[in-house]
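Read through the structure below, which is laid out as structure tokens, and then see the notes.
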């Protein structure tokens, strides 16, 4: 009797395992298999009036249930490893995205505002020094911005000739700095109010484009020659003057998209099974639905053979 209870107990544990696995895979065929397996087990319930050989239930589980559990557990383990790899990649991508966001906050966009002020003061100092009012004139501070951001932010451009000064441009010169005469006059009229538009990088030669506030006039600072000069309006139409964005932003955008794809992939990975596995589950379900399997478990042939033997025995005795 204790052995019968132990077999029933093990049978229930097997069913519990199947139920847990079915929640992971979320497949209708698995639910159907569990229902059929519970039905077969119910024939051997200790409270059942049927007096069946409990060992046949154990044999059924050994032949069918255990093999299915082993298969599903191996598939689950493989899928969990693949899903873990996906989430590890997502975490690494998130770390890079967060790192970029933290570095960008208060970086380029904030420093650009300070750069406007520094260049404005620099050109104003140039003007006052030209009219013999001596002021501090330091070129280093206005180069800090390009030193920090040119490589990652400034727009790559092949047509360097678009950014060069026109022939016969006339300049004021002071301490190796050249400012176009017409440009200096226009800046003075507008109180040296200006705005950084964008930067260009042509084979590591750096240029910055500025706009004089409240005008349509734009000018170039050539950091190689230290020249400031107007940008011709026809050339302006040929240039991309949109705000600079970090080259790393493209990487970040790609990583954000990649993470969305990975999350979607991980959601489908749990329930996606190969055609071979689906075919096995379908075949397993059909086997349990076939009445023959029930007949094997609840086999009456043995009892019939015994009964026939007894009848034959009684018949022979009477004949004697």
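Within region 107-242, antiparallel bridges make up roughly 85 percent of the DSSP beta bridges whose residues both belong there.
Exposure proxy shown here: for 217, 138, the number of other Cβ atoms within 10 Å sets the order, fewest to most, as 138, 217.
Grab the alpha carbons of region 1-144, take their convex hull, and tell me the volume per residue in Å³. Before the final figure, lay out each step's value.
On the way: hull volume 23.3 nm³, N = 144.
Here the figure is 162 Å³ per residue.
Among 61, 109, 268, what is the fewest-to-most ranking by other Cβ atoms within 10 Å? Each step should come with its number before you reach the end.
Details: 61 22, 109 11, 268 8.
Ranked by crowding around the Cβ, least crowded first: 268, 109, 61.
The simple spin-label model puts a point 7 Å past each Cα toward its Cβ; for residue 92 and residue 176 those points are separated by 4.6 nm.
So what is the orientation-averaged projected area of region 164-297, using the convex hull of its C-alpha atoms, in nm²? It would help to have the intermediate numbers written out before the result.
Values: hull surface 64.2 nm².
Its average projected convex-hull area is 16.1 nm².
In plain terms, the chain from residue 169 to residue 3 could stretch by 49.2 nm, reckoned as 0.36 nm per residue minus the Cα-Cα distance. Between helix 301-319 and the chain there is an angle of about 10 degrees, using the helix long axis and the longest principal axis of the Cα atoms. Here region 107-242 is treated as a Stokes sphere of Kirkwood radius computed over C-alpha pairs; at 37 °C and 0.692 mPa s its diffusion coefficient rounds to 217 µm²/s. In this label model, residue 35 and residue 238 are separated by 7.5 nm, measuring between points 7 Å along each Cα→Cβ vector. The angle between the Cα long axis of helix 247-271 and the main principal axis of the chain comes to about 10°, on a 0 to 90 degree scale.
Report the FRET efficiency, 1/(1 + (r/R0)^6), for residue 84 and residue 188, where r is their Cβ-Cβ distance and R0 is 51 Å, rounded to 0.05. Can you show the working numbers first?
Values: r = 66 Å, r/R0 = 1.29.
Working from the Cβ atoms, E equals 0.20.
The relative contact order of region 107-242 comes to 22 percent, based on Cα pairs under 8 Å that sit 6 or more residues apart.
Taking 0.36 nm per residue of sequence separation and removing the Cα-Cα distance, the residue 19/residue 42 pair yields an extension gain of 6.6 nm.
To the nearest ten degrees, helix 140-153 and the longest principal axis of the Cα atoms of the chain are 30 degrees apart.
Full extension of the chain segment joining residue 132 with residue 265 gains 40.9 nm, where the gain is 0.36 nm per residue of separation less the Cα-Cα distance.
For the chain, the C-alpha radius of gyration divided by 2.2 N^0.38 Å, with N the number of residues, is 2.12. Counting every other Cβ atom within 10 Å of each residue's Cβ, 24, 210 order from fewest to most as 24, 210.
Simple spin-label estimate for residue 214 and residue 160 gives 3.8 nm between the two label positions (7 Å along the Cα-to-Cβ direction from each Cα).
Every read-out reported here was derived from the displayed coordinates using simple, explicitly stated rules and does not represent laboratory data. Note that the structure is a prediction, hence the values are computed from the model and not measured. Every residue, glycine among them, receives a Cβ derived from its backbone with ideal geometry; neighbour counts consider all protein chains shown.
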